[in-house]
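Working notes, beginning with the structure itself.
The values are calculated or read from the model by the stated rules, or taken from the named source; none is laboratory data. Model, not experiment: these values are computed from the prediction. Cβ sites come from the backbone with ideal geometry, for glycine too, and all protein chains shown count toward neighbours.
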Amino acid sequence: MIFGKYINRFYKKYFFHFFIGIIFLAFVNVIQLFVPEVIANITRSYDDGTLTTQYLTTNCIYIVLIAFGMLIGRFIWRTFILSGAINIQSDLRLEMFSKNEKLSQNYYKNNKVGGIMSYYTNDLDTINQSFGWGTVMLVDAFFLSILTLIKMFQVNVILTLICLIPLAVLCISAYFIDKKIEEIFLQRQNAFERMSDYTQEMFTGLRVIKAFVREIAEAKAFKKVNLNTKNKDISLVRFSAMLDTLISLLIQGMIVIALFIGGLFIYYTFTGTWNIKFSRADLFEFNGYFNTIIWPMIALGQIIALRSRAKTSLKRITALLDADEDVKDGEVSFLPEIKGQIEFRHFSYKYSDGEEALHDISLTIEAGERVGIVGKIGSGKSTLASVLLRLDNYNRGEIFIDGQDIMTIPLRQLRDNVAYVPQESFLFSTTIKDNICFNNTDLSDEEAIEAAEFADVHSNIVDFVEGYRTLVGERGVTLSGGQKQRIAIARAYIKKSPIMVLDDSVSAVDVKTEEKILSNLREKRKGMTTIVVASRVSTVEHLDKIIVLNNGCLESYGTHEYLMQNSPTYSNMVRLQSLENELEGGDYHG
Ligand code: ADP
Ligand code: MG
C-alpha cells in the first residue's frame with residue numbers, strides 16, 4: 001500500500017473494487033483453514049478407532065466443498081482487486097498524458113522523450129502491481145497469518161511461539177531492507193531511463209547513423225548503456241534473491257524444528273514423561289497450518305520489496321505531475337471575435353537556454369494583410385513566427401492581437417485562431433485525410449480535398465492507390481519533403497483561422513508549385529492575416545509588406561519597393577537572387 005497526493009483519491013474511487021475483492025479474499029483465507037482441521041479430525045477418529053465410512057465420506061465432501069468455494073472466491077477477488085489496480089493505472093496514465101501535453105518546451109529540453117516513456121511503462125506497471133498483488137499480499141500477510149496463528153495457538157502454544165521467531169526477525173529486518181531496495185530500485189529505474197532515451201534517439205537518427213556508417217560505433221556506445229542497465233538489474237535481482245533465500249531458510253529451519261519438537265511432544269505424550277497431550281493428529285493439523293502460514297510470510301518479504309519499488313516509481317511520476325506548467329492561462333478575457341491585427345511592441349525574446357533571439361521588435365500587421373518575413377539563417381524568422389502561439393511567458397515587451405495583450409487571451413482561443421505550419425513538417429502515422437483534418441476529424445472528404453487543392457497536393461494524393469486513405473509514416477508510404485510540407489499547409493489551412501503563419505513551408509517545393517500556393521493564398525485567404533516566412537525573396541516580394549530581420553533585430557519593414565530603397569539586407573538578397581537566376585538560366589542554355 002502506497003500513498004501520495006496523486007493516488008490517495010483512488011482508494012475512494014475504487015473502494016468498491018477493493019472492498020468486494022478483500023471480502024472474498026478473506027473468505028478464501030477463512031475457509032482454507034478448515035482443511036487441516038478436517039484432515040486432523042479424520043486422523044483423530046482413525047487413531048481412536050471410531051472412523052466410519054460415512055464419517056470419512058462426509059469429511060471428504062467438506063474438503064471438496066471448501067476447494068470449490070476457494071476456487072470461486074479466488075476468481076472473484078482476482079477479478080475485482082486486479083481490475084481495480086488496472087483502472088488506477090489507466091487513470092494515472094491519462095492524467096500523465098494530459099500533463100505531458102500541457103508542459104512547455106522547457107520541460108522537454110531537460111527531460112528526454114525516451115526517459116519519459118519509462119514512466120509510462122516501468123513505473124506505471126510497478127504502481128499497478130503494488131495496488132493489485134500488493135493488496136492481495138497485504139491481506140494475506142496480516143489477515144491470513146493472524147487467523148492461522150490463532151489456529152496454531154489452539155493446537156499448541158509452545159510450538160507456535162517457536163514459529164513466531166522467524167516472523168519477528170523478518171519484521172525487524174523489514175525497515176532496513178526497505179531502504180536498501182528503494183536505493184537499488186531508483187538506480188535501476190534511472191539506468192533504464194537512460195537506456196530508453198538512447199534507444200529512442202537511435203531510432204530517430206537511424207538514417208543518419210547508416211549514412212555515416214556509424215553502426216559499429218553506435219553499437220559500442222549502446223553496449224555501455226546496456227551494460228549499466230544490466231548491472232543495475234542484476235543487483236536488484238541479487239538482492240531480491242537474497243531476501244527470498246533468507247526467508248526460505250527461516251521457514252525451512254522452522255519446519256525442521258517444529259517437526260522435531262512436535263515429535264518429542266508425541267513421544268512424551270506416549271511415555272507420559274511430562275503432562276503433555278499432543279497427538280499425531282495434532283502434529284498433522286499444526287503442520288497443515290504451518291504450510292498455510294509460509295505464503296503470508298513470503299508475502300511479507302515481497303510486500304517490502306514491492307512497496308519500496310512502488311514508492312520510487314510514485315516519486316518519479318509525482319515529479320512529472322508536479323512539473324511546473326510554465327505556460328498557462330493567467331488572468332484572461334475571451335475576445336468575442338479575432339480579426340487578425342497583430343502588433344509587436346518593444347518585444348524581445350530569449351530561449352530559456354540560449355541567447356536573446358529577438359531584440360526590441362516593434363511593428364504592426366493590419367488585419368487581412370499578407371506579410372513576409374525574410375532574413376539570414378538564424379536571424380530569428382522562425383522565432384518571430386512562433387511567438388504568436390505563446391509558447392512561453394513573455395515579459396520583455398508585448399504582443400497584441402486586435403489590441404489585446406496575448407498574455408491575456410485564453411491559450412485555447414489564441415491557438416485556435418492561429419493556423420501554424422512549422423518549419424519542420426511533422427505528420428502523424430495515420431491516413432492523409434486524418435492528417436489534413438487533424439484539427440477536427442469530423443470534417444468531410446470535400447473539405448479535405450479543398451484544403452489539399454489549396455496546398456496544391458491533391459493531384460499527388462489521388463495518385464496514391466488508396467488516395468486520401470493512404471497511411472503515412474512507419475507503416476505507410478514515405479512522403480517526400482515537399483509532399484509533407486504541402487499536407488502540413490493543408491492541415492493548417494483547413495482551420496480557416498483569421499491568422500495563418502507559414503514558416504518556410506514552401507522551401508521544398510518547386511517554383512511553379514510555390515506560385516500556385518501563393519496565388520491560392522491571395523484568393524482563398526482574402527481579408528485574413530497571413531504571415532509567410534521565406535528564404536527566397538521571390539516568395540514574398542508580391543506580398544503587402546515584408547519584415548526584414550537581421551540578427552534578431554528588425555532591420556526594416558515595408559513593401560518590396562520601399563525595402564529596395566531602405567534595407568541593405570533586402571536589396572542584397574534581391575541582387576543575389578537575380579544573379580542566381582541568371583546563372584541557372586545560363587546553365588540551361590549552356
Ligand atoms: P531562422 O528561422 O531565421 O533561421 P530561428 O528563429 O530559428 O532563426 O533562430 C534564431 C536564433 O535562436 C538562433 O540563434 C537559434 O540558434 C536560436 N534558437 C532557435 N530555436 C531555439 C531553441 N529551441 N532553443 C534555443 N535557441 C534557439
Ligand atoms: Mg527558421
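What to note about this one:
- The lone exception for Pro498 - which of (1) over 19 Å from Ser386 (Cβ atoms); (2) more than 16 Å from ligand 1 (Cβ to nearest atom); (3) not basic (Lys, Arg) it fails: (1)
For every residue, the table says whether it meets (1) within 16 Å of ligand 1 (Cβ to nearest atom); (2) under 32 Å from the mean Cα position of the chain (by Cα); (3) touching a residue at least 60 places away in the same chain (Cβ under 8 Å).
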residue	(1), (2), (3)
Gly473	no, yes, no
Lys484	no, yes, no
Tyr493	no, yes, yes
Ala508	yes, no, no
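- Looking across region 233-271, the residues that are touching a residue at least 60 places away in the same chain (Cβ under 8 Å) and either not aliphatic (A, V, I, L, M) or not assigned by TED's automatic domain parsing to the domain that holds Phe286 (or both) come down to Ser240, Gly253, Gly262, Phe265.
- Spans of strands (runs of 3 or more DSSP E) in region 340-423 with at least 1 residues in contact with a Gly (Cβ under 6 Å, 6 or more places away or on another chain) and within 15 Å of ligand 1 (Cβ to nearest atom): 342-350, 356-365
- Among (1) closer than 30 Å to Lys350 by Cα; (2) without any contact (Cβ under 8 Å) to a residue 40 or more places away in the chain, the one test that Gln105 misses: (2)
- The test for being away from ligand 2 (no atom under 15 Å from the Cβ), crowded, with 17+ Cβ neighbours inside 10 Å and free of Cβ contacts under 8 Å to residues at least 24 places away in the same chain does not hold for Ile401.
- Among the residues making up region 494-509, those that are away from ligand 2 (no atom under 11 Å from the Cβ) and either on the phi > 0 side of the Ramachandran plot or outside any loop (DSSP other than H, G, I, E, B) (or both) are Lys496, Ile499, Met500, Val501, Leu502.
- Matching residues in region 89-119 - criterion: being in contact with a Lys or Arg (Cβ under 8 Å, 6 or more places away or on another chain) and modelled with pLDDT of 95 or more: Asp91
- Residue match in region 239-260 (condition: surrounded by 11 or more Cβ atoms within 10 Å (Cβ to Cβ), in a helix (DSSP H, G or I) and modelled with pLDDT of 90 or more): no
- Hits in region 330-345 (condition: touching a residue at least 12 places away in the same chain (Cβ under 8 Å) and either surrounded by 15 or more Cβ atoms within 10 Å (Cβ to Cβ) or not charged (D, E, K, R) (or both)): Gly330, Val332, Ser333, Phe334, Leu335, Ile338, Lys339, Gly340, Gln341, Ile342, Glu343, Phe344
- Output for region 510-556, where each listed residue is of a type outside the set (Asp, Glu) and assigned to a loop (DSSP other than H, G, I, E, B): Arg525, Lys526, Gly527, Met528, Ala534, Ser535, Arg536, His542, Leu543, Asn551, Gly552
- Test: residue in region 318-331 that is under 30 Å from Met528 (Cα atoms), within 16 Å of ligand 1 (Cβ to nearest atom) and assigned to a strand (DSSP E or B): no
- Within region 46-69, no residue that is in contact (Cβ under 8 Å) with a residue 12 or more places away in the chain sits with its Cβ atom under 8 Å from a residue that is exposed (fewer than 10 other Cβ atoms within 10 Å of the Cβ) and among the hydroxyl-bearing types (Ser, Thr, Tyr) at 6+ positions apart or across chains.
- Extreme residue, nearest to Ile373 (Cα to Cα), among residues of region 510-545 that are at pLDDT 95 or above and within 16 Å of ligand 1 (Cβ to nearest atom): Val533
- The set of residues from region 451-480 being of a type outside the set (A, V, I, L, M, F, W, C), in a helix (DSSP H, G or I) and closer than 17 Å to Phe428 by Cβ comprises Tyr468, Arg469.
- Among the residues making up region 466-491, those that are away from ligand 2 (no atom under 16 Å from the Cβ) and among the small types (Gly, Ala, Ser) are Gly467, Gly473, Gly476, Ser480, Gly482, Ala490.
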